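Trainee: Okay, handing you the structure first.
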Amino acid sequence: MKRTKDCFKGFAAITFLALAILLTPQTSLAHCDTLDGPVVVEAREALAKGDVYPLLKWIKAEEEKEISEAFIKTMAVRKLNPEAQKLADMYFFETLVRIHRAGEGAPYTGIKATATGETIVAKADQALEKGSIDGLAKAIATHTEKGIRERFNHALETRKHSQESVLAGREYVKAYVTFTHYVEGVAQVVGGKGHGAEAASPAAHKH
């Protein structure tokens with residue numbers, strides 16, 4: 001009987017935490033501050049093509065001048081030699097990600113090698129690429145499905161028009177960030193280490 005109550009309490013706690021995450025903006029769960037994240041990936045392409053325009057959607061209008069100037073400086077320095085190019089590129093990545101994070105209201109703690117919660121974020125990216133959320137929706141709790149589908153559909157729709165203008169691009173980025181932060185937060189709660197550790201503890205199974 002006690003074991004049943006303990007299991008119920010554990011389930012209730014997870015449900016409560018999941019709902020709390022669904023109702024709270026997930027600004028701290030971004031993966032845009034990583035070398036394999038969408039901001040840096042697109043920044044690499046922009047530097048290779050010498051075109052800053054595609055990057056403007058990741059920042060606010062008032063930050064365009066700073067990013068454009070940083071881009072010009074980076075393009076000039078990276079022509080010197082391979083080592084200079086590497087340093088210049090990292091300088092630009094740091095600048096772009098820092099400003100993007102500030103626009104999200106999130107702290108900037110440097111660029112990381114890989115994303116936290118990489119698997120779930122990768123699934124979110126794949127869902128947008130494939131145009132289907134089914135695989136991701138099945139991996140999380142049933143009661144979160146409605147919220148996930150709403151954010152996915154909005155991101156997918158805005159993505160179709162993201163290259164039409166900077167304004168449309170920013171609308172997509174906003175929807176993209178909301179979508180990916182949402183699913184990442186849910187996944188971290190549903191598969192939380194804390195609950196797993198409790199379940200594995202002998203004390204949790206006493207009768």
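Trainee: Residues in the stretch 52-84 that are touching a helix residue (DSSP H, G or I) at 6+ places or on another chain (Cβ under 9 Å), part of a loop (DSSP other than H, G, I, E, B) and surrounded by fewer than 16 Cβ atoms within 10 Å (Cβ to Cβ): how many?
Mentor: 3
Trainee: What are the pairs, 6+ residues apart or on separate chains, where a residue within the stretch 178-196 that is buried (at least 22 other Cβ atoms within 10 Å of the Cβ) and in a helix (DSSP H, G or I) has its Cβ under 8 Å from a residue that is at pLDDT 75 or above and aromatic (F, W, Y)?
Mentor: Close Cβ pairs satisfying both conditions: F179/F152.
Trainee: Further, regarding this structure: Could you check, for the stretch 12-28, whether at least one of its residues is buried (at least 16 other Cβ atoms within 10 Å of the Cβ) and either at pLDDT 90 or above or not in a helix (DSSP H, G or I) (or both)?
Mentor: Checked against the condition, which is being buried (at least 16 other Cβ atoms within 10 Å of the Cβ) and either at pLDDT 90 or above or not in a helix (DSSP H, G or I) (or both), the stretch 12-28 yields at least one hit.
Trainee: For the stretch 85-115: of the residues being modelled with pLDDT of 90 or more and aromatic (F, W, Y), which is surrounded by the fewest Cβ atoms within 10 Å (Cβ to Cβ)?
Mentor: Residue satisfying both the conditions and the ranking: Y91.
Trainee: Still on this structure: Just give me the residues in the stretch 151-207 being of a type in the set (D, E, K, R) and at pLDDT 90 or above, in sequence order.
Mentor: Within the stretch 151-207, R151, E157, R159, K160, E164, R170, E171, K174 qualify.
The values are calculated or read from the model by the stated rules, or taken from the named source; none is laboratory data. Quick caveat, the model's predicted, so the values are computed rather than measured. Glycine also receives a Cβ, built like all others from the backbone with ideal geometry; neighbour counts cover every protein chain displayed.
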